[in-house]
Amino acid sequence: MQKKKQPVKTKITHAEPQVTKTTSRFSFLYKKSIQVAIITVITFACYFNTVFNEYSLDDDLITDNVHLTKGFSEFKYIWTHAYAETGGFQVDYRPISLSVFSLEFMIFGRHPGVSHMINVFLYIICLLLLYFLSIRVFKLDKIHPIIPLLALLLYSIHPSHTEVVSSFKNRDEIISFIFIICFALFFNKIFEKGLSTGRKSLYIVYTLSFLYLSMLTKFTSPPFVGSMFLWAFLKGEYKKPKFFFGLVFCFIFLFLLHIGIFEKFLIHRNIAFTENPVESGTDIAIRFGVAFNALLFYFKFLFIPFPSRYYYGFNTIPFESIANPLPLLSLLIYILLAGLFLYSVKHKKNYAYFLGAFLMFAFFYSNIIFPYTGIVSERAMLHFSFFFIVFVILLIYNQFFTGNKKGNQNKTYENIFAVLFCIVTVVYSSMTIMRNTQWKTSESLISHDIKYMETSAFGNYLAGTNFYHKGMNLEESDTLNKRAWMQLSLYYLNKSIELSINEPRTLTYYNLGNVYRYGFGDLANSEKNFLIFEKLQPDYKGLAREIASVYFLQNKFQLASPYYEKAIKEEPDDSELLFYRSLNFFNVKDIGHFLPANEQLQKRFPNNYYAYLNYGSYYLYINDEPNAVKNLELAVKYGSANPQVLDYLARYYIDKHQPEKAAYYEKVKASIPLLKIKGNDRL
């Protein structure tokens, strides 16, 4: 008996979208080579102006890292130490990114133009890999040949990515993303049909390797990994539960192993209240309020990327209950998006995965699971903006360009969409180019953004701190500009304290102490702020030295003594500190401690003028003028440019009728403005 033939069922999955055959006057753009060229050229045009920028905000974390300039000999240190240290804590573990920076300095030296050009090239490589992912894995070209171009073009010029490309320090974000995309390409191959066990095992090794390279560059991969498992799930790979969930276990194990090995670098980063007020004990209503305010920020910024800010934190993203209007609006938006996702999964819409991936990223960065430094950031959008852009394009495409549309109607929609797309492209490109110029220096960036950061406590702290360093780096002769920067620093540091209702950033007081001392010579206010900081953070390295110095300059020598002793324990080999400690003993007439301390200073630093200067003061005190002159001459010989010393020696030799020697010291005194005077080596 002949068997009845069963009808063949065609399985439509999210990975294999139906092909839509279209004809259009834009069909010349369907060629992949043309699309790659357009993406490359427009991206380069939008970011080329970054090569004229200097190093900018936070780039000093890299440029001031002495371990990155000593060649291969420092690679052992790079791979065995934290990415950075702040406030006594080791922060993160990123040996690959530091190694890349080190290689650049070895080959090119410190040239900001070169650094920014490398960032642009790496960003273009990232885009091309993402384009390849769009075609080989997501098969967007099968939905419509022009969709990969539209998605990657919008993604490449989106102003949210300027923080990553324009900031030298944020190169680690780009490199990490490159490795993540490579991970995704091999992850997809694991599920190809007909693979041998050996080939599948090899792809798993490649997948885990690229993932771990990403983790060693910057640990931002978990949500992307989750999104790829969502991709596999929607393809139906969960129907092989042993393999699918075994793979899930492997990735979770890799994450936990990495965190366990480098726990001291990854876990102990304290997040200040001004950075993110959400903590374990935060009321659940406020926690969700902050979370949905953060999600609303991302949703709005993806459409309207303005204004950009170099930092957010408390209270730029409102710290409020979920019951307030903005969090409720955000909650409504994301409920609708979640509902649309469930609908799209049920009806096998081609945008289901991209919407789901965006929601997965949004949940990760929402602050619901753990607080994110700064609450939100523009660099976080480097990953998930791609999924959101593709989702929006596919949603528009399904609504207006599929189904039984008449030819004229289809052309009308095509014209409208082309005009709108061109407008958005021009606007986004212009915003990106302008934003790049704002990143030229730390000062240009902060000066532009600060007007949008009136409620950001940490943003104002960063402004005050950077303006202080700008003022300190100016020449002493440039008094007007120096004072202007110090005035700005004082204003923003005080404003940061005003905005920090519950917990002012303690380091603000330390910086205020420095501004008052070095910017204005206001020793009383400097002392006041240093002492406030001491109560909050008594063991901060360098504080004891600053307090001792401020007391010393106010002739409060008895109060300075214990701080010099504490400072010496922190920096036992600092010759200048040993000099002032010894001189302070002399000023309090503690000769019993002065003489051995100064003798120790002379033995340890025999070619330094410090000890001789102190001996000169001592011998003058006991009226031993010959020994005083002998030591003061040695002080001048070894580099002292103290005008009091030079004036004393000139007058001494005039009285001794030795005009040649007197003229010599007068000549040295006259050249003092040309010399670099180190320290307060007063007589």
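The values are calculated or read from the model by the stated rules, or taken from the named source; none is laboratory data. The model shown is predicted, which means the values in this text are computed figures rather than measured ones. Neighbour counts are summed over all protein chains in view; Cβ atoms, including those assigned to glycine, are modelled from backbone coordinates with ideal geometry. Areas reflect the complete protein model, heavy atoms only, side chains present, ligands, DNA and RNA absent. Shrake-Rupley method; radii C 1.70, N 1.55, O 1.52, S 1.80 Å.
Structure notes:
- Residue count, the range 353-396 (criterion: open to solvent by 20 Å² or more (accessible area, probe 1.4 Å) and either over 18 Å from Tyr155 (Cα atoms) or modelled with pLDDT under 95 (or both)): 9
- Single residue of the range 448-475 satisfying the filter (buried (at least 16 other Cβ atoms within 10 Å of the Cβ) and among the aromatic types (Phe, Trp, Tyr)) that is farthest from the chain's Cα centre (by Cα): Tyr468
- For first residues located in the range 605-632 and touching a residue at least 60 places away in the same chain (Cβ under 8 Å), partners that are aromatic (Phe, Trp, Tyr) and open to solvent by 40 Å² or more (accessible area, probe 1.4 Å) and lie 6+ apart or on another chain with Cβ distances below 7 Å form the pairs Tyr609/Tyr638.
- When Leu445, Leu512, Leu499 are screened for being modelled with pLDDT of 95 or more, more than 30 Å from Ser115 (Cβ to Cβ) and surrounded by 18 or more Cβ atoms within 10 Å (Cβ to Cβ), only Leu512 passes.
- For the range 162-184, the candidate set comprises residues that are of a type in the set (A, V, I, L, M, F, W, C) and farther than 20 Å from Asp60 by Cα; within that set, the residue that is nearest to the chain's Cα centre (by Cα) is Phe177.
- Those helices (runs of 4 or more DSSP H) of the range 557-668 in which at least 2 residues are over 30 Å from Pro538 (Cβ atoms) and of a type outside the set (Lys, Arg), considering only elements entirely within it, cover 591-604, 610-621, 625-637, 643-655.
- A single member of Ile304, Ile286 is more than 22 Å from the chain's Cα centre (by Cα), within 30 Å of Val426 (Cβ to Cβ) and not basic (Lys, Arg), and it is Ile304.
- Ala524 satisfies every condition listed in (1) more than 30 Å from Phe605 (Cα to Cα); (2) among the aliphatic types (A, V, I, L, M); (3) in contact with a Ser or Thr (Cβ under 8 Å, 6 or more places away or on another chain) except (3).
- Within the range 476-485, the residues that satisfy the criterion of being assigned to a helix (DSSP H, G or I) and open to solvent by 90 Å² or more (accessible area, probe 1.4 Å) are Leu480, Arg483.
- Helices (runs of 4 or more DSSP H) contained in the range 27-124 and holding at least 2 residues open to solvent by 30 Å² or more (accessible area, probe 1.4 Å) and touching a helix residue (DSSP H, G or I) at 6+ places or on another chain (Cβ under 6 Å): 75-80, 95-108
- Helices (runs of 4 or more DSSP H) enclosed by the range 237-328 - at least 1 residues per element that are of a type outside the set (Asp, Glu), at pLDDT 90 or above and within 30 Å of Ser166 (Cα to Cα): 241-261, 284-303
- Positions within the range 375-392 being outside any loop (DSSP other than H, G, I, E, B) and either in contact (Cβ under 8 Å) with a residue 60 or more places away in the chain or of a type in the set (S, T, N, Q) (or both), in sequence order: Met381, Leu382, His383, Phe384, Ser385, Phe386, Phe387, Phe388, Ile389, Val390
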